[in-house]
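> My questions all concern the structure below.
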């Protein structure tokens, strides 16, 4: 997230004011949730077996082989412990987010029974998200 101000609430360090706001509102609503408790592997890491000349900005244009390409992972902000919903607070998304979000959705669909997803970008959308989640809770 770009230009985010960090804030600590109840001993939890949030990466943005919007995350802290969402946390407070989820708590006020009496909803059970985890904050950054679940990590998803969107793509497994692997070893690249051939030459790979790259400039990492530090050591110049050199062959990096052999090396392990790391996993691509994603950790959502708030997750329902029963798997019914996920909230990702995004005021201003960075360049990576749209691609990771698509990969995350594809993983959820492939695994079956995907949760409802919410990406609020401001406080009003957080409040609407909580209303929608409360409707899920009452309908089950």
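Values quoted throughout were computed directly from the atomic coordinates according to the rules given, and no laboratory measurement underlies them. Since we're looking at a predicted model, the values are computed, not measured. Methodologically, a virtual Cβ is constructed for each residue, glycine included, from the backbone with ideal geometry; neighbour enumeration extends over all protein chains shown.
> Between residue 59 and residue 27, with labels modelled 7 Å along Cα→Cβ, what's the label distance in nm to one decimal, could you check?
4.5
> Jot down the radius of gyration and Dmax of the range 1-59, Cα atoms only, both in angstrom.
18.9, 55
> Given the DSSP H assignment, sum -39500 (n - 2.57) over each helix run of at least 4 residues in the chain and divide by its residue total; what's the result at 222 nm in deg cm²/dmol, nearest 500?
Using -39500 (n - 2.57) per qualifying helix, the result is -10000 deg cm²/dmol.
> Next up: Just checking my list (i) 1.28; (ii) 2.18; (iii) 1.14 against Cα Rg over 2.2 N^0.38 Å computed from this structure; which label fits?
Correct label, based on the coordinates given: (i).
> Output the peptides 90-100, 10-20, 106-116 sorted from most to least packed, where packing is the average of other Cβ atoms within 10 Å over each peptide's residues.
10-20, 90-100, 106-116
> Let me know the Kirkwood hydrodynamic radius for the range 35-103, please, with Cα pairs as the basis and the value in Å to one decimal.
For the range 35-103, inverting the mean 1/r across all distinct Cα pairs yields 14.8 Å.
> In degrees between 0 and 90, to the nearest 10, how far off the longest principal axis of the chain does helix 17-28 point, with axes built from Cα atoms?
Tilt relative to the chain: about 40 degrees.
> Say each of residue 124 and residue 42 gets a label point 7 Å from the Cα, pointing the same way as Cα to Cβ; how far apart are those two points in nm?
It works out to 2.9 nm between the two label points.
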